[in-house]
Amino acid sequence: MTADTITAADIRINARWLIPIEPYGVVLEHQAVIIQGTKIAAVIPVAQADREFRTRKTINLPHHVVMPGLINMHGHAAMSLFRGMADDLPLMTWLNDHIWPAEGRFVSEQFIADGTQLAMAEMLRTGTTTFSDMYFFPEIVAQMAHDTGMRAQVCFPLLDFPTVWGSGPDEYLSKGEALIDEWRGDDYIMPAIGPHAPYTVSDGPLSKAIALSEKTGARIQIHLHETAFEVAEATENEGKRPIERLAELGALSDRTQCVHMTQLTDSDIALVAGTGAHIVHCPESNLKLASGLCPTHKLMESGVNLTIGTDGAASNNDLDLFGETRTAAMVAKVVANDAAALSAHQALNMATLNGAKALGREHELGSLLAGKLADIIAIDLSDPFIQPVYDPASHLVYSNHGRAVSHSWINGVPQVQDGKLTRIDVPDLMLRVAGWAEKIRKQQAD
Ligand SMILES: CSC[C@H]1O[C@@H](n2cnc3c(O)ncnc32)[C@H](O)[C@@H]1O
Ligand SMILES: [Zn+2]
């Protein structure tokens, strides 16, 4: 090998372990990830990297696992400002008596900016590089994520009734279409359509949402079959299950992401599988609101693409996607009555490549392959809580809880270095969060 065969690149990450996600189930040792610009140029053994690349910067991670950044497929970022405000309640009491009144009282453009930044800080610190959001003022969420350098699917809300963001479906849809136009083709921001749930969106607006998705290619994300009450009420009033209604309207396709799905018959599962719709499993929110649990083993057997999300911090109550993979793997075993259900590698796939598939970006995101975008995280396994190491994949899912994430890059840009955020001023953010907490506490007491 002569000097002129050496290639220049920007960053080299030397990893003790590497879980590329593709090929499935593989754990490699002593690998180098080479980043050039926004992309992964190579994933090769360290000795080969020594011979073939000269990089501007080398980061040695001798006790770390390196893997693709996590994709949190469902949440309401700014609800982080409501964390711990209304606990131990079932979904409809939580929403009707606590959350919706609080949203009416407090949600403003500044609330969204500060709450979204709080959520991004937590997600970045715990390994998420792409998140999906469904909340008010999506134009602010999109701008905040873009300015921070996080990837985000930003679903504009669609409901039958007025909210802080608009007077009703027509206004939501016209503002939403403008959002889709504004961000079309952006690398970071994926605008999408967020009909809230079958019980809050009637057929007319849903049909318009489907037409908008067909016209623009925007994804549709909807809370679906979250509780037994939702399904029973719809069946009694409409004579069909919500998923049947959505299928009849043409809402289910490979651009659709169904969130929760805790109440599923075998024919519901066959229906989803036949349309190519994706499922977002949010086990911690489902457990906390006592909604039920998604039958992940049956869905996987049917070939449905299963992704994972935290939901908002007001029902979880954190946005740690590693913690969510742990919960998903744990509860799957009980639901299936099978300790082999949802292995660590399957859980890691749900949190990475499967999310990329649901976003239609599996050719760019979700695994560490040369040519993909450089969304990469490192997890430090040297702490006592995660020692000794026999199988790093096991530790990431069963022992970790996100607190050991030490580094992350999005589009090749460092976002977390030695556990510290590079692009969010945390002390300043904490002052604004404290201001909101004081205001919310005071008005709640009045
Ligand atoms: C239309 S913006 C999103 C809307 O959804 C509410 N919300 C948060 N979590 C859930 C959930 O688990 N099921 C249903 N609705 C939920 C949130 O408070 C916003 O009002
Ligand atoms: Zn939700």
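Is it the case that some residue within the range 29-39 is acidic (Asp, Glu) and more than 23 Å from SER382 (Cα to Cα)? No, the conditions are met nowhere in the range 29-39. Among the residues of the range 3-26, those identified as farther than 19 Å from ASN60 by Cβ and touching a helix residue (DSSP H, G or I) at 6+ places or on another chain (Cβ under 8 Å) are THR5, ILE6, THR7, ILE21, GLU22, TYR24, GLY25.
Given the residues LEU299, LEU271, which is the only one that is at pLDDT 95 or above and more than 29 Å from LEU89 (Cα to Cα)?
It is LEU271.
In the range 289-302, the residues that are on the phi < 0 side of the Ramachandran plot form Cβ pairs under 7 Å with partners that are within 16 Å of ligand 1 (Cβ to nearest atom) and part of a loop (DSSP other than H, G, I, E, B), at six or more places apart or across chains, as follows: LEU289/PRO90; LEU289/SER315; SER291/GLU226; SER291/THR227; SER291/THR262; LEU293/THR262; CYS294/MET261; CYS294/THR262.
For LYS57, the conditions (1) charged (D, E, K, R); (2) more than 16 Å from ligand 2 (Cβ to nearest atom); (3) surrounded by 18 or more Cβ atoms within 10 Å (Cβ to Cβ) all hold with the exception of (3). Residues that are closer than 24 Å to HIS260 by Cα, out of contact with any Phe, Trp or Tyr (no Cβ under 6 Å at 6 or more places or on another chain) and surrounded by fewer than 19 Cβ atoms within 10 Å (Cβ to Cβ): does the range 168-186 have at least one? No, the conditions are met nowhere in the range 168-186.
Among the residues of the range 21-56, those that are in a strand (DSSP E or B) and among the hydrophobic types (A, V, I, L, M, F, W, C) comprise LEU28, ALA32, VAL33, ILE34, ILE35, ILE40, ALA41, ALA42, VAL43, ILE44, PHE53. When ASP147 is tested against (1) of a type in the set (D, E, K, R); (2) touching a residue at least 12 places away in the same chain (Cβ under 8 Å); (3) within 30 Å of ALA121 (Cα to Cα); (4) out of contact with any Leu (no Cβ under 7 Å at 6 or more places or on another chain), just one condition goes unmet, and that condition is (2). All conditions but one from (1) modelled with pLDDT under 95; (2) part of a helix (DSSP H, G or I); (3) not basic (Lys, Arg) apply to LEU431; the one that does not is (1).
If you go through the range 188-202 and pick out every residue that is touching a helix residue (DSSP H, G or I) at 6+ places or on another chain (Cβ under 6 Å) and not aromatic (Phe, Trp, Tyr), you end up with 5. Quick check on ILE193: is it part of a helix (DSSP H, G or I), surrounded by 20 or more Cβ atoms within 10 Å (Cβ to Cβ) and of a type in the set (A, V, I, L, M, F, W, C)? No. For the range 196-217, state whether one or more residues are away from ligand 1 (no atom under 13 Å from the Cβ), hydrophobic (A, V, I, L, M, F, W, C) and not in a helix (DSSP H, G or I). No, the range 196-217 contains no residue that is away from ligand 1 (no atom under 13 Å from the Cβ), hydrophobic (A, V, I, L, M, F, W, C) and not in a helix (DSSP H, G or I). Of all residues in the range 409-446, those that are of a type in the set (Gly, Ala, Ser), under 22 Å from VAL107 (Cα atoms) and either surrounded by 11 or more Cβ atoms within 10 Å (Cβ to Cβ) or in contact (Cβ under 8 Å) with a residue 12 or more places away in the chain (or both) total 2.
Restricting attention to the range 1-20, the residues being assigned to a strand (DSSP E or B), touching a Lys or Arg at 6+ places or on another chain (Cβ under 7 Å) and β-branched (Val, Ile, Thr) number 1. One residue stands out in the range 315-326 among those that are more than 17 Å from LEU124 (Cβ to Cβ) and surrounded by fewer than 24 Cβ atoms within 10 Å (Cβ to Cβ): the one that is farthest from ligand 1 (Cβ to nearest atom), namely ARG326. Please enumerate the residues belonging to the range 215-245 that are of a type in the set (Asp, Glu), more than 16 Å from ligand 2 (Cβ to nearest atom) and touching a residue at least 12 places away in the same chain (Cβ under 8 Å). If the condition is that a residue be of a type in the set (Asp, Glu), more than 16 Å from ligand 2 (Cβ to nearest atom) and touching a residue at least 12 places away in the same chain (Cβ under 8 Å), then GLU233, GLU244 are the ones that fit.
The set of residues from the range 246-265 being under 22 Å from LEU289 (Cβ atoms) and touching a residue at least 60 places away in the same chain (Cβ under 8 Å) comprises GLN257, VAL259. Being crowded, with 24+ Cβ neighbours inside 10 Å and more than 15 Å from ligand 2 (Cβ to nearest atom) holds for only one residue in THR307, THR296, and it is THR296.
Residue-wise test of (1) among the small types (Gly, Ala, Ser); (2) farther than 29 Å from ASP418 by Cβ; (3) in contact (Cβ under 8 Å) with a residue 60 or more places away in the chain.
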site	(1), (2), (3)
GLN31	no, no, no
ILE34	no, no, no
ALA42	yes, no, yes
GLY69	yes, no, yes
PHE106	no, yes, yes
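The values are calculated or read from the model by the stated rules, or taken from the named source; none is laboratory data. Model, not experiment: these values are computed from the prediction. Glycine also receives a Cβ, built like all others from the backbone with ideal geometry; neighbour counts cover every protein chain displayed.
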